[in-house]
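The structure under discussion appears below in the form of structure tokens.
Only the coordinates and a few stated rules stand behind these numbers; no lab work does. Quick caveat, the model's predicted, so the values are computed rather than measured. Quick reminder, even Gly has a Cβ in these numbers, built from the backbone with ideal geometry, and neighbours come from all protein chains shown.
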Amino acid sequence: MLEINNLTRRFGSLEVTRSVTLKLEKGARHALIGPNGAGKTTLINLLAGTLRPDSGQILLAGEDITALAPHLRVRRGLGRTHQINSLFPGLTPLEAVAMSIAQREGHALRFFGRNRLDAIIGEEAQALLASVGLASQATRTTRELPYGQQRLLEVALTLAGKPKVLLLDEPVAGVSAAASEQLFRLIDRLPKELAILLIEHDMRLVFSFAQRITVLVGGAVLMEGSAEEVAADQRVRAVYLGQRHAA
């Protein structure tokens, strides 16, 4: 579903991403880990199109999207969440998700008073909110939601685009431990055909979720393997896991 070939990005003389190669199959549950400054978010920005690579190639379902604008990548099935929420605080979750669905379908959304939406779009929006555990919060104003529920809403907004590949950039950042567990349980129940690439610092959550893990250090891939292989690798323990366990 997603193939990255020798992706490199420089800022001046500094190579922030160095010849990164990575593949995600349909239904992948893949994590990207590494110390601060390893280039993880830069790589996500390159995949999403908010940064352009200096060299390399990005393929989405076999199509070269390296030069596409971010909104065109979304239309082709690449969804992305951010470290910091990007929401509509004055709208309800139902309204916000319905707007995203309407945009995907290429037509305007008609509001008939508060929370009265086009019937078909409204039904899909309700179902999406239910899938992330927000059905009971559908008609509250977004700014009233606890932060953990706002993170879930961003996932719902991304899913409204019907992505083939979902990029999750630290989805539980700033969220309590209990809310983090809930969010990961819901992420784990997302459609099995959806390929997910996750950045996360909580290794307990990463190891319980990811089928494959890629370790970035200094912008380059140090290794890729299963959770057991990564945990046992002495290089990974020296540059990342050992430091975190000692902290």
Exercise. Which GluC sites (Glu not before Pro) from region 1-110 combine a DSSP loop assignment with at most 15 other Cβ atoms within 10 Å?
Worked result: GLU25
Exercise. Put a dot 7 Å past each Cα toward the Cβ at ARG185 and ASN6; how far apart are the dots in nm?
Worked result: 4.7
Exercise. Between SER86 and GLN57, what length comes free when the chain is fully extended (0.36 nm per residue of separation minus the Cα-Cα distance, one decimal in nm)?
Worked result: 7.7 nm
Exercise. In 5 Å bins starting at 0, how do the alpha-carbon pair distances of region 90-162 split up by percent?
Worked result: 3, 19, 33, 26, 15, 4, 0
Exercise. What is the sum of charges around THR21, taking Lys and Arg as +1, Asp and Glu as -1, for the other residues whose C-beta is under 13 Å from the C-beta of THR21?
Worked result: 0
Exercise. If you place +1 on the Cβ of every Lys and Arg, -1 on the Cβ of every Asp and Glu, and leave all else neutral, what size is the dipole of the chain about its Cα centre, to the nearest 20 Debye?
Worked result: 260
Seminar exercise, completed: Filtered hits (lysines, Cα-Cα < 16 Å from LYS164, offset >= 8 within chain) -> LYS23, LYS26, LYS192
Exercise. What FRET efficiency, computed as 1/(1 + (r/R0)^6) with R0 = 41 Å and r the Cβ-Cβ distance, is obtained for ALA135 and ARG237, rounded to the nearest 0.05?
Worked result: 0.45
Seminar exercise, completed: Output for region 170-239: GluC sites (Glu not before Pro) sitting in coil per DSSP, at most 13 other Cβ within 10 Å, listed by number, reads GLU193
For this session: Calculate the tail of P(r) for region 135-247: the fraction of all Cα-Cα distances greater than 20 Å, expressed in %.
Result: 48
